[in-house]
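The values are calculated or read from the model by the stated rules, or taken from the named source; none is laboratory data. Worth saying up front: this structure is predicted, and the values here are computed from it rather than measured. Here the Cβ positions follow ideal geometry from the backbone for every residue, glycine too, while neighbour counts run over all protein chains shown.
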Amino acid sequence: MQKFDAFTGNLAVATAMKQVNPDVCAAYPITPSTDIMMIFSDFVANGEVNTELVTVESEHSAMSACIGAALAGGRVMTATSSAGLAYMWELLGVASGLRCSMIMTCVNRALSAPLNIHCDHSDAMGARDTGWIQIFSENAQEAYDNIIQAVRITEHRDVRLPVMVCLDGFIISHSYEKMQYMEDKDVKDFIGEFKPYRSLLNVDKPETFGAMVLPNYYMEFKRQVREGMENARQVILEIGKEFGDKFGRYYSYFEEYMLEDAEVVFVVMSSAAGTVKHVVNNLRKRGVKAGVLKPRVFRPFPHVEASRVLRNAKFICVLDRAETFGGEGGPLYLEIKSALQTDKNNVPVVSRIFGLGQRDFLPIHVENLYEEIEAFFKTGKIKMFDYVNVRE
Amino acid sequence: MSELKGWKEIPEGAVIEDAGNSQEYKTGTWRSFRPIWYEERCIQCYRCWTFCPDSSILIKDGKVAGINYDYCKGCGICAHECPKKANAIEMVPERT
């Protein structure tokens, strides 16, 4: 049995955390993820969960405490945003390198400077190469569902890498929307008991965690992380399907929206995908074969599958809510472009940066983009890289 | 060192599964100065044994009996702590 109610993104995440009932949460709340730990600390205070809530003095300490708890064999969760994630950066590689199972919600927010508390993906993109699985959510429902699936993914024997579940700051984290949620028991059954593969607290078999490794072995351990990430591909698909079979909402690497016969394809992640889908609906009414590819899993990136679904595209516009400052385009653009290369697909693909620091990204901006593309079909000319809705 | 293993053969996460196996790792090769212990000058005060950070002062039958060059990294603390009147440990450059 599932029920409907009104949830903000943060309430959705906190609710999923309550149902998962982790052993340890260590956190140092930061806007716009603050709500998550605020609501969750109510659950702790009210005895609705058995979680040991560790109120640390920084994000660096939060991630350190989470790593310790994970190595001890606990089910561990935390949440952060922006500068908080940046401050954790050193420990992100420790968590993946030590093969910690844990789930972190990243409520996406811009990085300073200038100081800005609003939404963009710069924080998560800064952590894209740290060995964390990254799953992006379009709305509160996806954030809730992703958190519950993340438990199974991170704890899978063949994966054992930390999972970052991302949702857009304010746009999703602070907006109420209708969401379907499961009963506590059903979530409990789905995630099962956590059986840690190792534990720091196992006094019968003492082991050393976090020892130094010299050049003669370092690469072997990094190669193992790559393997865990490769294994995650299949695990993410299996769990997405099992989740769908149980709860009716199926998940895969990405959402394909009117993609099958689409000639003009927009590639975009998270909440902005909703805006683009809305415009695609209108374009379809005008007879334009437009579609949307909304990647959900950014790490590991599904190159092969992405190139397959983009096979019929005649033009691709990749929208990034993050910059690479000097790269050929945004981070998602770079992934898509290299994915096309695997298929020797020379379709024109352009990069557009939008919504930094939560600059408005409205249907009119997508319509303008389509007009640029329409002009390209006539003139063969278009900017390969540009910002959307920026003043000169 | 024994044959190096591949990534499929070693514990994930660089976990060391055997307790106390640091003994197998001979760190003496790091040394650039070697302590030389002179038995005839030694007054058996145990200062070198007390201060050695790597437990590399050998004791036999309750007496200082030399230096374990498998682990001694040549820090020179033993020579520094050895009482001046005894001067039983001297540091000499390690020859490679």
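Here's the yes/no breakdown for (1) of a type in the set (A, V, I, L, M, F, W, C); (2) within 14 Å of chain B (Cβ to nearest Cβ):
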| position | (1), (2) |
| --- | --- |
| A:Arg75 | no, no |
| A:Ala79 | yes, no |
| A:Leu85 | yes, no |
| A:Met88 | yes, no |
| A:Ser96 | no, yes |
| A:Ala110 | yes, no |
| A:Arg128 | no, no |
| A:Glu142 | no, no |
| A:Leu161 | yes, yes |
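Of the residues B:Ser32, B:Ser56, which is of a type outside the set (A, V, I, L, M), crowded, with 17+ Cβ neighbours inside 10 Å and in contact (Cβ under 8 Å) with a residue 12 or more places away in the chain? Before you say what the answer is, go through the steps one by one.
On the way: B:Ser32 fails: crowded, with 17+ Cβ neighbours inside 10 Å.
Only one candidate passes the filter, namely B:Ser56.
Output the residue which, of all residues in the range A:188-215 that are over 30 Å from A:Ala83 (Cβ atoms) and in contact with a strand residue (DSSP E or B) (Cβ under 9 Å, 6 or more places away or on another chain), is farthest from the other protein chains (Cβ to nearest Cβ).
So the residue we want is A:Phe190.
With B:Lys73, B:Lys85 as the choices, which residue is exposed (fewer than 12 other Cβ atoms within 10 Å of the Cβ) and either away from chain A (no Cβ under 14 Å) or outside any helix (DSSP H, G or I) (or both)? Full working, then the answer.
Working: B:Lys73 fails: exposed (fewer than 12 other Cβ atoms within 10 Å of the Cβ).
On inspection, the qualifying residue turns out to be B:Lys85.
B:Cys48 versus (1) in contact with a helix residue (DSSP H, G or I) (Cβ under 7 Å, 6 or more places away or on another chain); (2) surrounded by fewer than 13 Cβ atoms within 10 Å (Cβ to Cβ): which is the lone unmet condition?
Against the list (1) in contact with a helix residue (DSSP H, G or I) (Cβ under 7 Å, 6 or more places away or on another chain); (2) surrounded by fewer than 13 Cβ atoms within 10 Å (Cβ to Cβ), B:Cys48 comes up short only on (2).
Between a first residue in the range A:37-59 that is aromatic (Phe, Trp, Tyr) and a second residue that is at pLDDT 95 or above, which pairs have beta carbons less than 6 Å apart while being 6 or more apart in sequence or on different chains?
From the range A:37-59, the pairs are A:Phe40/A:Ala14; A:Phe40/A:Met17; A:Phe43/A:Lys18; A:Phe43/A:Val49.
What are the pairs with Cβ atoms under 7 angstrom where one residue, in the range B:1-29, is on the phi > 0 side of the Ramachandran plot and within 8 Å of another protein chain (Cβ to nearest Cβ) and the other, located anywhere, is part of a loop (DSSP other than H, G, I, E, B) and surrounded by 11 or more Cβ atoms within 10 Å (Cβ to Cβ)? Sequence gap at least six, or different chains.
Filtered contacts from the range B:1-29: B:Gly13/A:Leu98; B:Gly13/A:Arg99; B:Ala14/A:Val213.
If I go through the range A:315-328 residue by residue, how many of them are without any contact (Cβ under 8 Å) to a residue 60 or more places away in the chain and under 21 Å from A:Val280 (Cβ atoms)?
The total comes to 3.
Wholly within the range A:315-392, which strands (runs of 3 or more DSSP E) include no fewer than the required count, namely at least 3 residues that are under 23 Å from the mean Cα position of the chain (by Cα) and surrounded by fewer than 20 Cβ atoms within 10 Å (Cβ to Cβ)? Let's see the steps before the verdict.
Details: elements: A:315-320, A:349-353, A:385-387.
No strands (runs of 3 or more DSSP E) qualify here.
Exactly one of these conditions fails for A:Gln234: (1) surrounded by fewer than 16 Cβ atoms within 10 Å (Cβ to Cβ); (2) out of contact with any Asp or Glu (no Cβ under 9 Å at 6 or more places or on another chain); (3) more than 14 Å from every other protein chain (Cβ to nearest Cβ). Give me its number.
The failed condition is (2).
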